[in-house]
Structure formats: C-alpha cells, structure tokens
Number of protein chains: 2
Amino acid sequence: MMAERVAVGVDIGGTSIKFGLVRDDGTILHQTSNPTHAEEGPDGVLMRVAVGVRSLPGMDQSGVAGIGVGVPGMMNRHGEICHPPNFPGWEVEPVAKKLRRMLETDLPIAVENDANVAGYAEAYAGTGSSDRDFLFVTLGTGVGGCIIQDGRIWHGGGGGAGEIGHITVDMHGQLCNCGSRGCLEAYIGQRYMSDLARTRLQRIPDSMLHAMIAAGEELSPKTIDEAAQSGDEFAVGFLAEMGEILGAGLASALNMCDIRLVIIGGGMSRADRFLLEPARKSLQARVLKSIAPYVELRPARFFNDAGMIGAALLAMR
Amino acid sequence: MMAERVAVGVDIGGTSIKFGLVRDDGTILHQTSNPTHAEEGPDGVLMRVAVGVRSLPGMDQSGVAGIGVGVPGMMNRHGEICHPPNFPGWEVEPVAKKLRRMLETDLPIAVENDANVAGYAEAYAGTGSSDRDFLFVTLGTGVGGCIIQDGRIWHGGGGGAGEIGHITVDMHGQLCNCGSRGCLEAYIGQRYMSDLARTRLQRIPDSMLHAMIAAGEELSPKTIDEAAQSGDEFAVGFLAEMGEILGAGLASALNMCDIRLVIIGGGMSRADRFLLEPARKSLQARVLKSIAPYVELRPARFFNDAGMIGAALLAMR
C-alpha cells in the first residue's frame, strides 16, 4: 500500500494568507490563515509565510512532500514574481529562494502565480483531472486565468501567459483599468459589472435589485445572480449579456490556442444557469467550426481554496 | 570545415506546388513549381509532390538532410493535416506517411501547416532568428499565423494553435466567413479589406483610387498602399484604420500568450509606413503595461517563398 502523499499549500492574498496541509486528491487535512500585512513589504510578508508554514501540525515530521506558494503577481521566465498589485515594495521577488533561506528546509518549494495554481488544482484534482488541455478562467475582482497544456501550466513567451481578462471583445468599448478599451475584464470584472448594472438600473425602476440594495445588500454579480434566480427580468437579461461577452472573449482564446475546454472558477463560477449557459451559447456560435463540436465550458470544482490546494499539488510534482 | 546543410522544401498551395533545395541559412539553391490540380484529391496531389521532389537535381545523391512540406490545413495532435479549405476530398490526411511510401525514402519528412512553416522560416533564418518567442502573422487572403515559443512551433491544445485571424476585435462588428462577428480577418483579410474600401470609396469621389481602378488596376490592399504612397488622403486614413484594428487583435494575442515580438509576413508586410506603423501605435497603446516597453512589430524577411524555405528548415531539425 502506498502512503498518502501530502504537501503544504500557501495562498498569499491581499488581506490574508491561507495555509493548508493538502492530500494529493485535493482534500484539505488541516487549514489555517493569518493576516497578510502587505504594508510590511515582501520580506515581512514572506516571514509571515515562513512562520505560518512552520506552525502547521506535522511539519517537523517526515512525510510532507513539498511546499507550494501561490502569489498574485506575474511570473517571469526565471520563476520570479513581478509587481503583485496592492503589495507595496514588491519588485521582482525570488520568492522560492527567500523562503528556502527563511525556512531552512530542503523540501521542494514551488512558487507560482495565483491563477495558475488555481488552474493546476482543477487539472490534478478538479473538473479537468481527466483532460490534458484546457483554459482556466477565474471570475473575481479581476478576470485571470491560465492555460493548461499537456497537463502543465503553459507560461508562454515571458512566463506570464493566461491574461484572458485583457483580451479585447470590443476595441471601441468600455475603458479598462489597464489603459486599453473593451477588455473582457472591463465588462465581467466584478467592479465593472456592478458599475454597469448600477447605471442600467436607473432606467429599470421595477427591478427587485432596488429593494435588495435598499435592504442593505451590496450590488454585485452575486446579488444580480440571486435576483435572476428569483425571476428578476433585468437581472436575467443583464447576466445573459455578460455571458455573451464572456463567450466572445473565450472564443478568441480557444481559436488562438486550439483549446476545446474552458473551466470557470472564482466568485461567479456558481452562476451556471444565468451567466455560464449564455456564455456557452455565445462561445459555441463564435468559435471556429473545426473545434466547435468539441467545445465545453464547465464550472470549477474548487472555490475559495483553489489556490492553496493547487499550490500544494504543484509542490508534489 | 562543416559541409553545408541542404534540405528540400515543398509548399503546397491552392494553385501551385513550389519545390526548392534550401540551405540552412534560408538561401534557395534551386527552385521549381508545378500546378497543384487539387481536384485530383489528396493522393493525386501528393503523387505530384513526390514526382516534383524526385526530379529536383541532387536528390539521388547523399547530402540532402530531409524533406519538409507545408500544407494549408490545420494540424491535429497526431501531425495529420485536416480539411485544407479548397482541397476537395481531403479529410484527415497522414501526409508524411503517404509521402514516405510514394517516395520510398528513409529521409526525415516533416509536415506542417503552411503558416507555421512560414513562421519557422523567420525563426531560423529570418527576422526572428535571434528571438526565442514571437507571434508570426501572415496577411493575405486570410489572416493566419503561428506562435514560436522557445524556438519551436507551439501547437497549443489540439495541434492547430495560431489562428490569430479569428481573434475578435469587435464582437458586434463585421460578419466573418467563419460564422462569427468582428474577427480580425473580417477587416484585414484581403477580400474584406478590398470590399470595405470599395464601399467607402463611393463617398470619396476625389480619391485617386477611382482613376487607378478605371485604368484597370484591381482594388486591393496593395493598390490602396500604392495610393497612400502617392499621398492619397483616403488611402492613408483607411490603412491607418486597418492598422489600428490589426494592433487591437495583436494586443489580445500578446497579452494572452505573454509574447513581446510580432513578425508580420505575407502580402501586406511591405506596407510598413501606412499599415504597420499605425498597427505599432495601436498595439503599444493597448498591450498590458507590464510588457509594453518590450513590444516590437517587425516585417518578415521572407515573402513568397517563406513556406518553402521554412518547410526545408524544419526538415533539417
């Protein structure tokens, strides 16, 4: 009988760092979290990572296969993390090297972009575990993603491939924070979507979203989906439009990379009926006829813990 | 002293098949061409390839490193060529296997998509020969391309990556032959561009293009570029708009694949001032800030013979 394989997964987020002992099937055996205190700069944050890892139960025993870390910054081709937004003082950080010194360990340390590890979790223990090639897209504040090719994270030319959020869907469209116009993220990124809905709602006095907001709920993709589930006509139409836009961006990516499977993670991956189903229709209508019969769009298995789980799985390789 | 390395390059086009003996620096030592007769079906066409290859001078001697063939169809993951448009009777063709049988040779036979071999020519003997990663785009009747990653053709998930022509630039825009809307090709593909110019010209009676057409010239991207070079205001503005659209499509691809260099081949690669320069500006304005300082767009070195040269270079690997 083979011993079960376990690794440490760390997900460094803007406000908290998550730590987990994760089994190779993606099961979390133990998990904890600490505040990030990003204002302490890279060495401060990495020291908190080291302390958190050391305090995990079982770390002093053998049997842990490695330590994986997901970080919200672009990777370069040397595996360093570059300029994570909202992390003051981070330039080009050799995270693995620094952690190795702080932890004084010989265990393998794998460092990756956070969207990449979330995609990796799906590839090895999630919705994509029997597929070798897919596009992973995470719908949250931003729209990120990664390309899994032949079971591995594809890093593209410079190390940071997978920025599906900044594929153009309408070159004369909505201004995007990145400086361009009509990026996918400028419609289906959480804040953009909420802002657009807010503007549109001014002309729709009978939407139940007005009452939900008056009752203290925040206008967000999630509340819009709740309204759609309760039959709100505006919410249904609005999410269908967002799904159509999502499908258009996905079609560009699949055509370009000859990929046939999309796995959607992040906050809105649960909105299957009102967002993902219209996205499927739009994708199917727009993708090249040579791949259309094989194209599929599935919600991810993992949700909030995808990054931590994927980081641990990556460390097991 | 090393002997010079030579291989055979074959480029199967819709109307003619080109054959060449090519040196490893891209120099053509000998070249010839025969009609394709695509109506004879795959075996007829491949037999003509075999006959043409056999009749090349020096084929009976040692010293030829291999035979490379470019075909205008999508590759699948088994290296077979699928459904080349305008080639009746082609399904999924094991071109290499069939040619090996017809030629009764032990030489390596490399078969690739035609845009891929043209990109490969740039990677090994052209504008990209000192770059490991770039996007190659060919502007012709269609808009094709390939991704060169770490010096090799990147095949993506299914084998046919690089379909930059079917990246969306405006999801509600111009209808494309592929069935989608607002594809890059639906603007800068040769026929689309000519049709759009023809429509616009009806409102511009003083463009010199009217006189050029009256004198028997065909309205094409090339004639529009000639008019622009002669100072025609309409032509200059029209190509600038096409360049802006090209830049938008390229930005999506570079963001997605974290690539920083674009090499433009095909018919319009010579239109540097009026098409490529506006494309550079648009690309620079739209690409992610993290890669913008490194982004470059260059015309290709090879022109009509790119496919034949690239096929031969590929066979030398």
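In nanometres, what is the gap between the two model label sites at B:ASN304 and A:HIS37, each 7 Å from Cα along Cα-to-Cβ?
In this crude spin-label approximation the distance works out to 7.1 nm.
Arrange A:LYS289, A:LYS97, B:LYS98 by Cβ neighbour counts within 10 Å, fewest through most, would you?
Values: A:LYS289 10, A:LYS97 13, B:LYS98 18.
In order of increasing Cβ crowding within 10 Å: A:LYS289, A:LYS97, B:LYS98.
If you fit an axis through the alpha-carbon atoms of helix B:277-286 and take the longest principal axis of the Cα set of chain B, what angle between them do you get, 0 to 90°, nearest 10?
80
Would you please state the base-10 log of I(q)/I(0) at q = 0.07, 0.09, 0.11 1/Å for the protein assembly as shown, with intensities from the Debye formula using one equal scatterer on every alpha carbon?
Listed by q, the Debye log ratios stand at -0.50, -0.80, -1.10.
First measure r as the distance between the Cβ atoms of B:LYS222 and A:ARG132, then evaluate 1/(1 + (r/R0)^6) with R0 = 56 Å and state the FRET efficiency to the nearest 0.05. Can you show the working numbers first?
On the way: r = 43 Å, r/R0 = 0.77.
The formula returns an efficiency of 0.85 here.
Output, in nm with one decimal and in ascending order, the distances from the A:LYS222 label point to the matching label points of the other copies (7 Å from Cα along Cα-to-Cβ).
Sorted ascending, the copy-to-copy spacings read 6.0 nm.
I'd like the distance separating the alpha-carbon centroids of the range A:205-241 and the range B:64-83, in whole Å.
52
Exactly which GluC sites (Glu not before Pro) in the range B:142-250 are in a DSSP loop and have at most 13 other Cβ atoms within 10 Å? Don't skip to the answer; put the middle values down first.
Working: sites: B:GLU163, B:GLU185, B:GLU217, B:GLU218, B:GLU226, B:GLU233, B:GLU241, B:GLU244; in loops: B:GLU163, B:GLU217, B:GLU218.
Here the sparse-neighbourhood loop sites are B:GLU218.
Give the lysines reachable from B:LYS18 as a straight Cα distance under 27 Å; neighbours fewer than 8 places away on the same chain don't count.
B:LYS97, B:LYS98, B:LYS222
Distances in nm, one decimal, shortest first, from B:GLY44 to the same residue in every other copy, taking the label point 7 angstrom along Cα→Cβ.
Going from nearest to farthest copy, the values are 7.6 nm.
Tally the DSSP beta bridges in chain B and give the antiparallel ones as a percent, rounded to 5.
Working: 29 of 48 bridges.
Approximately 60 percent, going by the DSSP bridge assignments.
Using a Förster distance of 41 angstrom, determine the FRET efficiency expected from the C-beta separation of B:GLN284 and A:ARG270, and round it to 0.05.
Details: r = 39 Å, r/R0 = 0.94.
My answer for the efficiency is 0.60.
222 nm [θ] for chain B, helices only, -39500 (n - 2.57) per DSSP H run of 4+, per residue, to 500? If you can, show how the numbers build up before the last one.
Numbers: 10 runs with 113 residues, N = 317.
Helix contribution divided over all residues of chain B: -11000 deg cm²/dmol.
Relative to the other copies, what are the label-point distances for A:THR27, with labels 7 Å from Cα along the C-beta vector, expressed in nm at one decimal and sorted shortest first?
6.8
Projected onto the charge dipole of the protein assembly as shown (+1 at Lys/Arg Cβ, -1 at Asp/Glu Cβ, origin at the Cα centre), which of A:CYS257, A:SER207, A:GLY173 gives the Cα projection farthest towards the positive end?
Checked the options; the winner is A:CYS257.
Through the Karplus equation 6.51 cos²θ - 1.76 cosθ + 1.60, θ set to phi - 60°, convert the phi angles of the range A:67-83 into ³J(HN,Hα) values in whole Hz; use x for Gly and Pro.
10, x, 10, x, 10, x, x, 6, 8, 9, 6, 9, x, 8, 9, 10, 6
When the chain is fully extended, how far beyond the present Cα-Cα distance does A:ASP24 get from A:ILE213, taking 0.36 nm per residue of separation?
On the way: separation 189, 0.36 × 189 = 68.04 nm, distance 4.25 nm.
Contour length minus Cα-Cα distance gives 63.8 nm.
Enter the mean projected area of the convex hull around the alpha-carbon atoms of the range B:114-251, in nm², rounded to one decimal. Each step should come with its number before you reach the end.
Numbers: hull surface 38.9 nm².
Quarter of the Cα hull surface area: 9.7 nm².
Find the all-direction average of the projected area of the Cα convex hull for the range B:214-290, expressing the result in square nanometres with one decimal place. Intermediate results must be reported in sequence, preceding the final value.
Values: hull surface 21.7 nm².
That works out to 5.4 nm².
Tell me, what does the Kirkwood hydrodynamic radius of chain A come to in angstroms if you use every pair of distinct C-alpha atoms? Could you put the intermediate results ahead of the total?
Details: mean 1/r = 0.0492 Å⁻¹.
20.3 Å is the Kirkwood radius here.
Expressed as a whole number of Å, what is the distance separating the alpha-carbon centroids of the range B:279-317 and the range B:10-43?
Here the answer is 23 Å between Cα centres.
Taking amide H atoms as placed 1.01 Å from N in the peptide plane, list the residues 5 or more away in sequence, or in a different chain, whose amide H sits under 5 Å from that of B:GLY144.
Long-range HN contacts for B:GLY144: B:THR138.
Setting aside same-chain residues fewer than 8 positions from B:LYS289, which lysines have a Cα under 23 Å from its Cα?
The reachable lysines, counting only those whose Cα sits under 23 Å from B:LYS289, are B:LYS281.
Coordinate-derived values only; no laboratory data. The structure presented is a predicted model; accordingly, all values stated were derived computationally and were not measured. Cβ sites come from the backbone with ideal geometry, for glycine too, and all protein chains shown count toward neighbours.
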